[in-house]
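*Asks:* My questions all concern the structure below.
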Amino acid sequence: MKHFICLLFCLLITVSTHAQKRVAFIGASITEGARTTDPKKDSYPAQLGSLLGNEYEVLNFGIGSRTMLRKGDFPYWDTEQYRQALKSNPDIVFIDLGGNDAKLQNRIYLNEMKDDCIDMIRSFKNLPSDPRVILMLPFVSFEPDTTQIWDPVLIDRIIPRLQQAAYEENIEVLDMHSLLINRKDLMPDNIHPEDEGSAIIAKRLYEQVVLKRDKAFDILENIKEPYSISDFKGYICADFKVRGRECKVVKPKEAAPGKPWIWRTRFWAHEPQTDIALLERGYHLVYCDVAELMGNKEALSIWSDFYKLLTKAGLSKKSTMEGMSRGAMYSFCWAAANPDKVSCVYVDNPLLDCRYLADRDGDLGEMTRDFMAAYGLKTKDDIRNFKGSPTDKVKEIVKGKYPILILCADQDEAVSPTQTITFEDKIKALGGDITVMMKHGFKHHPHSFPNPSPIVDFVLKATYK
């Protein structure tokens with residue numbers, strides 16, 4: 001009998017230890033599963049539940065047409081679903097509201113969006129279960145009727161306010177807007193994703209739920225330089241100086257294992273969707289402004305001090321280098337000189353051979369003047385004889401054995417695509433690891449992809465290979 005009681009007690013402990021984590025979804029019709037075949041199994045919360053398995057209980061409190069705004073036409077605040085969600089005392093809460101707030105009748109109240117969002121966040125943060133609260137930015141809308149859920153309103157007036165709320169409350173925020181921006185085919189009514197679209201959403205949320213995180217690490221505790229704090233797309237950004245140069249470090253809500261980071265080498269915050277996606281996944285984002293130095297020895301010396309500061313503060317010894325246009329010059333100059341400090345390189349419509357500057361029509365532009373000053377060049381013939389471009393450093397680059405991703409527009413009017421093609425051939429001839437994604441029909445702008453998933457997948461694979 002004593003043996004039986006002991007066994008029963010052990011079983012009870014085991015059951016208690018493996019109690020289900022409760023995941024609550026707050027949202028409107030997309031959350032509810034409108035336009036899916038069977039919302040009970042095809043809505044994105046239901047599909048997430050299937051991915052998570054028996055260790056999680058997923059509760060869908062979505063109800064159509066509801067707004068984040070208290071003064072909206074159909075406030076979520078007034079629903080029985082909201083009251084039940086609070087009573088469920090969840091461990092994880094996803095808040096997916098804001099789309100319906102873009103309708104014409106609700107726009108007059110958008111100045112109250114941030115405060116209403118903060119109140120919604122706090123109503124869950126203050127529960128006894130102390131849940132992990134994750135704010136989902138609204139999905140893309142392809143609706144042509146400007147009085148309905150109109151995408152420019154989402155982009156310009158709603159998403160920034162939600163990001164500000166996430167920043168002030170220091171909670172996770174997910175860019176769902178870019179996730180289906182290239183998949184209009186999965187939204188038959190221009191608003192609601194069908195089964196496959198919901199599956200893509202569920203997969204992304206699954207990645208976030210199971211993401212391994214270092215809750216104790218805070219890089220700002222280890223940075224000794226005086227800094228100020230600002231908001232970068234919902235994340236804390238520290239601004240400070242190294243050798244008189246403006247520097248930025250954006251920290252994720254919680255760091256990923258190994259403290260990975262992405263180094264934006266030029267054009268801070270331009271087309272930031274890749275940076276945002278990696279911040280969501282626990283990467284740090286950094287920048288040190290050496291713009292006019294074009295990757296010369298002085299630039300690399302300043303960056304060396306910046307790198308030492310970051311790694312001493314706890315970041316990984318290797319970074320992802322990210323460069324758009326002439327930013328490729330900076331990225332590869334660093335990577336060629338520091339092969340053991342690079343996990344991968346991503347460049348976009350890249351400047352890889354500076355000799356082309358000698359043959360540009362018209363007067364010398366600012367970039368050309370900066371380039372000549374940085375390298376002590378006096379004439380166009382000096383430019384033609386220059387041997388310090390990435391295309392001249394292929395041997396050093398290949399020795400680093402880091403993978404390279406290039407996005408190249410085949411109609412780039414600013415930097416000829418032949419630079420990328422020649423560079424690719426040289427890298428491959430020496431056995432280097434390079435992938436070129438050609439953007440057919442595109443010019444120099446826009447950089448990146450509206451949905452950065454291919455870039456993000458490349459970086460993650462390189463980091464955790």
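*Asks:* Kindly evaluate TYR346 against the criterion of being surrounded by 17 or more Cβ atoms within 10 Å (Cβ to Cβ), in a loop (DSSP other than H, G, I, E, B), within 27 Å of the chain's Cα centre (by Cα) and modelled with pLDDT of 95 or more.
*Replies:* Criteria not met by TYR346.
*Asks:* In the range 55-82, what residues are over 19 Å from ALA34 (Cβ atoms), within 30 Å of the chain's Cα centre (by Cα), in a loop (DSSP other than H, G, I, E, B) and not hydrophobic (A, V, I, L, M, F, W, C)?
*Replies:* Across the range 55-82, the qualifying residue is only ARG70.
*Asks:* Let me ask another. Of the numbered conditions (1) touching a strand residue (DSSP E or B) at 6+ places or on another chain (Cβ under 9 Å); (2) free of Cβ contacts under 8 Å to residues at least 12 places away in the same chain, ASP130 satisfies every one except a single condition; which is it?
*Replies:* (1)
*Asks:* Restricting the range 255-270 to residues that are among the charged types (D, E, K, R) and over 14 Å from the mean Cα position of the chain (by Cα), which is farthest from TYR287 (Cα to Cα)? Walk me through it before giving the result.
*Replies:* Keep residues of the range 255-270 that are among the charged types (D, E, K, R), which gives 259, 264, 266.
Remaining after also requiring over 14 Å from the mean Cα position of the chain (by Cα): 259, 266.
Working: LYS259: 16, ARG266: 8 Å.
Step by step, filter the range 255-270, then rank; the result is LYS259.
*Asks:* Another question, if that's okay. Looking at the range 408-421, which of its residues are under 20 Å from LYS393 (Cβ atoms) and touching a helix residue (DSSP H, G or I) at 6+ places or on another chain (Cβ under 9 Å)?
*Replies:* CYS408, VAL415, SER416, GLN419, listed by residue number.
*Asks:* Can you tell me which residue in the range 89-116 is surrounded by the most Cβ atoms within 10 Å (Cβ to Cβ), limited to those that are acidic (Asp, Glu) and within 25 Å of LYS21 (Cβ to Cβ)? Walk me through how you get there before you give the answer.
*Replies:* At the first step, the residues of the range 89-116 found to be acidic (Asp, Glu) are 91, 96, 101, 112, 115-116.
From what is left, the residues that are within 25 Å of LYS21 (Cβ to Cβ) are 91, 96.
Values: ASP91: 18, ASP96: 26.
Checked the range 89-116; the qualifying residue surrounded by the most Cβ atoms within 10 Å (Cβ to Cβ) is ASP96.
*Asks:* Residue under question is LYS253, and the condition is that it be touching a helix residue (DSSP H, G or I) at 6+ places or on another chain (Cβ under 9 Å), within 22 Å of PHE124 (Cβ to Cβ) and either among the β-branched types (Val, Ile, Thr) or not in a helix (DSSP H, G or I) (or both); does it hold? Let's see the steps before the verdict.
*Replies:* Values: touching a helix residue (DSSP H, G or I) at 6+ places or on another chain (Cβ under 9 Å): yes; within 22 Å of PHE124 (Cβ to Cβ): yes; either among the β-branched types (Val, Ile, Thr) or not in a helix (DSSP H, G or I) (or both): yes.
Against the criterion (touching a helix residue (DSSP H, G or I) at 6+ places or on another chain (Cβ under 9 Å), within 22 Å of PHE124 (Cβ to Cβ) and either among the β-branched types (Val, Ile, Thr) or not in a helix (DSSP H, G or I) (or both)), LYS253 qualifies.
*Asks:* Let me ask something additional. Could you pull out the residue among ILE181, ILE201 that is surrounded by 22 or more Cβ atoms within 10 Å (Cβ to Cβ) and within 24 Å of GLY64 (Cβ to Cβ)? Please lay out each step first, then the result.
*Replies:* Working: ILE181 fails: surrounded by 22 or more Cβ atoms within 10 Å (Cβ to Cβ).
Of ILE181, ILE201, the one residue that is surrounded by 22 or more Cβ atoms within 10 Å (Cβ to Cβ) and within 24 Å of GLY64 (Cβ to Cβ) is ILE201.
*Asks:* A further question follows. Looking at ASP145, ASP156, which one is free of Cβ contacts under 8 Å to residues at least 24 places away in the same chain, in a helix (DSSP H, G or I) and over 15 Å from the mean Cα position of the chain (by Cα)?
*Replies:* Numbers: ASP145 fails: in a helix (DSSP H, G or I).
Unique residue meeting the criteria: ASP156.
*Asks:* Another question, if that's okay. Can you tell me which residue in the range 214-240 is farthest from LEU309 (Cα to Cα), limited to those that are of a type in the set (Val, Ile, Thr) and crowded, with 18+ Cβ neighbours inside 10 Å? Even if it seems obvious, please write down each step before you answer.
*Replies:* We begin by selecting, within the range 214-240, every residue of a type in the set (Val, Ile, Thr); these are 219, 223, 229, 236.
Within this subset, residues satisfying the condition of being crowded, with 18+ Cβ neighbours inside 10 Å are 219, 223, 236.
Working: ILE219: 11, ILE223: 7, ILE236: 18 Å.
Across the range 214-240, the extreme among qualifying residues is ILE236.
*Asks:* For ASP412, which of the numbered conditions (1) over 15 Å from VAL347 (Cα atoms); (2) among the charged types (D, E, K, R); (3) touching a His at 6+ places or on another chain (Cβ under 6 Å) fails to hold?
*Replies:* Unmet condition: (1).
*Asks:* Now, a different point. Which pairs have Cβ atoms under 8 Å, sit 6 or more apart or on different chains, and link a residue in the range 205-232 that is part of a loop (DSSP other than H, G, I, E, B) to one that is aromatic (Phe, Trp, Tyr) and surrounded by 15 or more Cβ atoms within 10 Å (Cβ to Cβ)?
*Replies:* Correct list of pairs: ILE223/PHE240; GLU225/PHE240; PRO226/PHE240; TYR227/PHE240.
*Asks:* Out of all the residues in the range 375-414, which are buried (at least 20 other Cβ atoms within 10 Å of the Cβ) and among the small types (Gly, Ala, Ser)?
*Replies:* Hits for the range 375-414 are SER389, GLY400, ALA409.
*Asks:* Does the range 323-343 contain at least one residue that is exposed (fewer than 14 other Cβ atoms within 10 Å of the Cβ), assigned by TED's automatic domain parsing to the domain that holds MET294 and either of a type in the set (Gly, Ala, Ser) or touching a His at 6+ places or on another chain (Cβ under 8 Å) (or both)? Lay out the reasoning, then the answer.
*Replies:* Filtering the range 323-343 down to residues exposed (fewer than 14 other Cβ atoms within 10 Å of the Cβ) leaves 340.
From what's left, assigned by TED's automatic domain parsing to the domain that holds MET294: 340.
From the residues that got through so far, the ones that are either of a type in the set (Gly, Ala, Ser) or touching a His at 6+ places or on another chain (Cβ under 8 Å) (or both) too are none.
Scanning the range 323-343 turns up no residue that is exposed (fewer than 14 other Cβ atoms within 10 Å of the Cβ), assigned by TED's automatic domain parsing to the domain that holds MET294 and either of a type in the set (Gly, Ala, Ser) or touching a His at 6+ places or on another chain (Cβ under 8 Å) (or both).
The values are calculated or read from the model by the stated rules, or taken from the named source; none is laboratory data. All values derive from a computational prediction rather than experimental measurement. Using ideal geometry, Cβ is built from the backbone for each residue, glycine included, and neighbour counts are taken over all protein chains shown.
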